Amino acid sequence: MRQARFDNIYELKTKRGVRLFTKSLYRSFRGFEEAIIKKDGVAYREVDPERSKLFAAVAKGASQIGIREGSSVLYLGASHGYTPSYVSDVIGEEGKVICVDFAPRVVRDLVFLCEKRENMLPLLKDCRHPETYQDYLPEKVDVVFQDVAQRDQVAIFLKNVRAYLKRGGYGLLALKARSVDVTMKPEAIFKDVFKELERQPDVTVVDKRELAPYEKDHILFVVKRR
């Protein structure tokens, strides 16, 4: 087990490839039937890149994700909380992850998860309307992460970045090509979105990683707020 390039993320090389783990913030926590390795009094939770677009990008060699110990993270499209729970590990006790989703059923599960993790906050909100959760974000955040499979997912992302991401902060957009346009080839959509992000006056694209074979027709864009 060795530390990867990012805070509290670890790699274990095996004959079948590299496995990814986070250093668990809560030693006894087991929320998603994940494998746990305990060593020297520390618990490491294994994360499945096929269930997490963020960690699929890490597995594909992302150069930077912006999420580090102590970070504040606005997570859009938190669903049941699988990836946010690992983000919670990475940011540690001094960090905060604000988890937004608009589906009551998944937010119910998210609430139960957040009760076990003090650095997570669940919000039943629509990320198309970032003004509706401004009371929960008194300060701008270090990272905006979005995993929202909608046709207008780029516009949603930029709206939240401009509302809540501090200068020098990182925005991560997990883009699902088929949700943008099922008639276009994913590669063409990726190029169009890259050009659209590059045209923005207030963000700079600093990395992009196609997520196959972990996630088909997905790409993760990493931007930095100017």
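Go through region 7-18 and give me each residue that's exposed (fewer than 12 other Cβ atoms within 10 Å of the Cβ), among the charged types (D, E, K, R) and in a strand (DSSP E or B).
Listed by number, the list holds a single entry, Lys13.
Select from region 114-152 the residues that are modelled with pLDDT under 95, touching a Gly at 6+ places or on another chain (Cβ under 8 Å) and under 23 Å from Ala56 (Cα atoms) and list them in ascending order.
Ala149
Checking the structure you have, find out if any residue of region 43-59 is loosely packed, with under 14 Cβ neighbours inside 10 Å, over 14 Å from the mean Cα position of the chain (by Cα) and over 24 Å from Pro138 (Cα atoms).
No, that holds for no residue.
Hey, among the residues in region 164-184 that are buried (at least 16 other Cβ atoms within 10 Å of the Cβ) and among the small types (Gly, Ala, Ser), which one's farthest from Ile219 (Cα to Cα)? Before you say what the answer is, go through the steps one by one.
Quick first cut of region 164-184, residues buried (at least 16 other Cβ atoms within 10 Å of the Cβ) only: 164-165, 169-177, 179-180.
Now restrict to residues that are among the small types (Gly, Ala, Ser): 169, 171, 174, 177, 179.
Numbers: Gly169: 20, Gly171: 14, Ala174: 6, Ala177: 8, Ser179: 12 Å.
Residue satisfying both the conditions and the ranking: Gly169.
Within region 207-225, restricting attention to residues that are in contact (Cβ under 8 Å) with a residue 12 or more places away in the chain and of a type in the set (A, V, I, L, M), which residue is surrounded by the fewest Cβ atoms within 10 Å (Cβ to Cβ)?
The qualifying residue surrounded by the fewest Cβ atoms within 10 Å (Cβ to Cβ) is Val222.
Looking at Phe21, Phe32, which one is surrounded by fewer than 20 Cβ atoms within 10 Å (Cβ to Cβ), under 21 Å from the mean Cα position of the chain (by Cα) and touching a residue at least 12 places away in the same chain (Cβ under 8 Å)?
Only one candidate passes the filter, namely Phe32.
State the number of residues belonging to region 68-97 that are surrounded by fewer than 24 Cβ atoms within 10 Å (Cβ to Cβ) and among the β-branched types (Val, Ile, Thr).
Here the count works out to 1.
What about Glu69, is it in a loop (DSSP other than H, G, I, E, B) and over 15 Å from the mean Cα position of the chain (by Cα)?
For Glu69, the condition - in a loop (DSSP other than H, G, I, E, B) and over 15 Å from the mean Cα position of the chain (by Cα) - is not met.
Sort out for me the strands (runs of 3 or more DSSP E) sitting completely within region 134-223 that have 2 or more residues that are of a type in the set (Val, Ile, Thr).
Answer list for region 134-223: 141-146, 203-210.
Search region 59-72 for residues that are of a type in the set (A, V, I, L, M) and pair each with any residue that is assigned to a loop (DSSP other than H, G, I, E, B) when their beta-carbon atoms are under 8 Å apart and the residues are at least 6 apart or on different chains.
Ala59/Pro49; Ala59/Tyr214; Ile65/Phe6; Ile67/Phe6; Ile67/Asp7
All but one of (1) at pLDDT 95 or above; (2) more than 17 Å from the chain's Cα centre (by Cα); (3) outside any helix (DSSP H, G or I) hold for Ile98; state the number of the condition that does not hold.
Checking Ile98 against (1) at pLDDT 95 or above; (2) more than 17 Å from the chain's Cα centre (by Cα); (3) outside any helix (DSSP H, G or I), the one that fails is (2).
Condition check: touching a Ser or Thr at 6+ places or on another chain (Cβ under 8 Å) and within 22 Å of Thr83 (Cβ to Cβ). Does Asp217 satisfy that?
No; evaluated as a whole, the condition is false for this residue.
The values are calculated or read from the model by the stated rules, or taken from the named source; none is laboratory data. Just so it is clear, the structure is predicted and the values come from calculations on it, not from any experiment. Counting neighbours? That spans all protein chains shown, and the Cβs are built from the backbone with ideal geometry, glycine included.
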